[in-house]
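In what follows, a single structure is set out as structure tokens and then discussed.
The values are calculated or read from the model by the stated rules, or taken from the named source; none is laboratory data. All figures in this text were calculated on a predicted structure; none of them were measured in a lab. In this analysis, Cβ positions are derived from the backbone assuming ideal geometry, glycine residues included, and neighbour counts consider all displayed protein chains. Calculation scope for accessible area: heavy atoms of the full protein, side chains included, ligands and nucleic acids excluded. Shrake-Rupley method; radii C 1.70, N 1.55, O 1.52, S 1.80 Å.
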Amino acid sequence: MTTTATAPLVVTDIAPLSPGQERLFDAEFALPDGSWPAPGTPTRLRPIDTAAIRIDGPLDTAALRHAVTALVARQSALRTSFRRRSDGTPVQLVADHAPDPMTVGTLDLPAGQEVPTAEELLGHAPAHLVDPRHGPLFRVHLLRLAEEWHVLLLQIHHAVSDGWSIGVLYRDLSELYNAAHTGRDADLPAIPRTFAAHSRQMRAERGGPEEQRQLAYWRRRLAPPLPGHPAEPSPGGLSPVDVEPVLVPGDLVRDLRATAATSAQRGGVAGPFLAALALVLHHAGGEPDVRIGMMISNRARPGAEHLIGYFVNTAVIRLRIDPTMTAGQLVAEANTAVTEAIEHQALPIQDLYQDLRDTGVLGEGPLYRVTLALNTMRTTSMTLDGVRCEDIDLERIGPRRAPTSIEQRWVLDERSGRLAGTLTWRTDTFTRPGIAATLTGLDQALRAVTDPHTTVADITAALPPATPETR
């Protein structure tokens, strides 16, 4: 038996972490004293995310393998690992190539079972202990169930990707496969700068004139002084959470989009959704000043839209709820808040938080307790020539422990005209009946804000009775 030697990896670039990567490592990987854990020891880092795509038809396996190799060559973030310098500064290392990230196997279903379960699929792509110092942080597993029936499992870690990146990955991998399958050159946008180069630029801009301009905006936006929400840390940095499915049907999404387009300040579906969510949070807590941390792509720099990488930032959407306001007025204010947040999205949220604390604008506790990630980049599954692709939902619903201080985390993707995703909520802060009331109330509030003439008082009066938090 002979073996083929694997060429050693050569580091071709070293760059600082992006601000988003800094937040991720501080929150989920670093120990309380700031040091990194010893290699091989368990960490709080979230396991690799896994997407599953069912492929029906005559799949060209050779073209797929070529496409995966070409994708890793094109997107340098997929060849990245992380280290600390001798002075403790974390950096990202980009290798000249990566070991073959694709494995091929078979999955035999028990007699009488027509489709694999999520557990069976995940069993073939286990999320081993994730250590960002060692790759690959991107893995591909192709499972053959029948001659013309496969499941493609894609695993990618947050340290090298964000929600927008998954849309880029689907687009690039589809085009690279189709080109290899038909023997033509791939037609993809040029990538003038790597993610590492963007990270260096973001580091160079920290504290510079543009950051100061954006900081001045956020100081105005978040004045007068914000009351703090005292945080209750969980032992070991892990909080008990539960996960609920969330679905906004297509007809309601169309109504929300039309509502945003006809409001005084036009915008996309995020504005009406935030307005409705703010109403539900106001109804539950009684606070007229609602703050929601909205995940924002942070890809305004030229060329960034075509890259896989962890660019994402968080913007504070602050809405003041007045019972005499109309839904149209509230949606217009939410649209304005989203538009201005996009225009001032580059200031790292950790820099803003520190400034607000230092200047006394923010009291004790976090800027927000609720976050929203609304992903609209990937609206369809992969599109491979000659076969039919369909996403398989692998989201694990139910209780677990997670490294988070956020009390409600909404993550929604736009798929086939619908918004589908999850609500992750801390069980040491909310009760299950309270979350059920929240989900019912959100559906009612989303429908209510599509009528621009109804008042906030009328909307909240019709919402389910608020259930006290367990705190």
*the chain, accessible area per residue, ligands and nucleic acids excluded (1.4 Å, Å²)*: 45 Å²
*asked:* Placing unit charges on C-beta atoms (Lys and Arg positive, Asp and Glu negative, everything else neutral), compute the dipole magnitude of the chain about its Cα centre in debye, rounded to 20.
replied: 940 debye
*What are the principal axis extents of the Cα atoms in the range 60-164, in Å, biggest first?*
59, 28, 24
*State the percentage of accessible surface on the range 81-138 attributable to carbon and sulfur atoms; use a 1.4 Å probe and exclude ligands, DNA and RNA.*
53 percent
*Dipole size in debye (nearest 20) for the range 16-154 around its Cα centre, Lys and Arg Cβ +1, Asp and Glu Cβ -1?*
600 debye
*Among Gly398, Ser35, Leu256 - extreme Cα towards positive end, dipole of the chain, charges at beta-carbon*: Ser35
*Calculate for the chain the 222 nm mean residue ellipticity that helices alone would give, adding -39,500 (n - 2.57) per DSSP H run of length 4 or more and normalising by residue count, nearest 500 deg cm²/dmol.*
-10500 deg cm²/dmol
*How big is the charge dipole of the range 79-167 about its Cα centre, in debye rounded to the nearest 20, if each Lys and Arg gets +1 on its Cβ and each Asp and Glu gets -1 on its Cβ?*
640 debye
*Over all Cα pairs of the range 112-251, how is the pair count split among 10 Å bins, expressed in % and running from 0 up to the last occupied bin?*
7, 18, 29, 28, 13, 5, 0
_As computed over the chain, the Cα convex hull volume per residue (Å³)_ = 175 Å³
*Roughly how many percent of the accessible protein surface of the range 354-471 is carbon and sulfur, given a 1.4 Å probe and a whole-percent answer?*
49 percent
*Between Arg83 and Asp251, what is the FRET efficiency for a Förster distance of 41 Å, r being their Cβ-Cβ separation, to the nearest 0.05?*
0.25
*Using the 2.2 N^0.38 Å rule of thumb for compact globular proteins, work out how the range 305-430 stacks up: its C-alpha Rg over that value, please.*
1.32
*Among Val115, Met102, His150, flag the residue with its Cα farthest along the positive direction of the charge dipole of the range 44-186, charges on Cβ as +1 for Lys/Arg and -1 for Asp/Glu.*
Met102
*Projected onto the charge dipole of the chain (+1 at Lys/Arg Cβ, -1 at Asp/Glu Cβ, origin at the Cα centre), which of Val246, Gly57, Leu362 gives the Cα projection farthest towards the positive end?*
Leu362
